[in-house]
């Protein structure tokens, strides 16, 4: 007569091993990401929705338009962030790709001016290495829907040092003054130029030569910069493409090269 088998023993025997379980999760995640990239895409309506949101002064507006918000903003942004994060897992070591709260447009109560709008008219996601100093930010990777920002007025991909401390700015300037070659070489590189045609963005620049530097230095225009980043605007075709995640991952790969140079400069290891 056969004895009744131990249920817990059977479960252990037929449950996948750690390695098999990990493989199954990996295959499931790849399947999910494939579905995400084909189902969740942005459109011109996404930018129109943000513009409209930025004008709303009634707090219940978002709850009444939640379906549109999820379809046009949060779902495609979350899908994009998760897909790019997965794609760059092995290359962006130490970078944090936050997804909690991503796409949130409701302003905190203390940020709503009297009689003002309750919602932001922009969204973004940022990946960076966590900083040990709360007064300094590390080089970042940036994707933003900024349809109402005068200096951008569209969808932006950017990377580098945007908010620099005085110490960070001085160290990057010193690195440029000592040897700008690594930056010049990167900006001339074919792979980099296919993604970013321009060098450091010049919108944030000091009018005068920073103290301690030579005003006649051949790289004085870079030395005068207050922020060290590159950026580009996406066309509507690029923004609404089902290949946006793949293309953005390619952009971020090149920006990682810039960020490594900037990190070396900031760390004083130039």
| query | For segment 88-199, list the helices (runs of 4 or more DSSP H) that sit wholly inside it and hold at least 1 residues that are in contact with a strand residue (DSSP E or B) (Cβ under 7 Å, 6 or more places away or on another chain); which are they? | reply | 166-178
| request: Kindly indicate whether any position in segment 233-245 is surrounded by fewer than 16 Cβ atoms within 10 Å (Cβ to Cβ), at pLDDT 95 or above and within 25 Å of residue 172 (Cβ to Cβ). | output: yes
| remark: Being modelled with pLDDT of 95 or more and over 14 Å from the mean Cα position of the chain (by Cα) narrows 147, 139 down to just 147
| Within segment 221-260, considering residues that are out of contact with any helix residue (DSSP H, G or I) (no Cβ under 9 Å at 6 or more places or on another chain) and not in a strand (DSSP E or B), the one farthest from residue 149 (Cα to Cα) | 260
| query | If you check 83, 5, 37, which single one turns out to be at pLDDT below 50, under 25 Å from residue 140 (Cα atoms) and either surrounded by 11 or more Cβ atoms within 10 Å (Cβ to Cβ) or over 24 Å from the mean Cα position of the chain (by Cα) (or both)? | reply | 37
| note | If we ask which residues in segment 104-121 are under 20 Å from the mean Cα position of the chain (by Cα) and surrounded by 19 or more Cβ atoms within 10 Å (Cβ to Cβ), their number turns out to be 2
| query | Before we move on, is residue 178 exposed (fewer than 15 other Cβ atoms within 10 Å of the Cβ) and touching a residue at least 24 places away in the same chain (Cβ under 8 Å)? | reply | yes
| query | Considering only segment 181-200, how many residues are within 14 Å of residue 219 (Cα to Cα), under 20 Å from the mean Cα position of the chain (by Cα) and crowded, with 18+ Cβ neighbours inside 10 Å? | reply | 1
| field | Single residue of segment 88-98 satisfying the filter (closer than 13 Å to residue 143 by Cβ and modelled with pLDDT under 95) that is surrounded by the most Cβ atoms within 10 Å (Cβ to Cβ) | value | 97
| message | Return the residues of segment 91-103 that are free of Cβ contacts under 8 Å to residues at least 12 places away in the same chain and within 23 Å of residue 47 (Cα to Cα); say none if nothing qualifies. | response | 100, 101
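The values are calculated or read from the model by the stated rules, or taken from the named source; none is laboratory data. Because the structure is a prediction, the values reported are computed rather than measured. We place every Cβ from the backbone using ideal geometry, glycine too, and count neighbours over all the protein chains shown.
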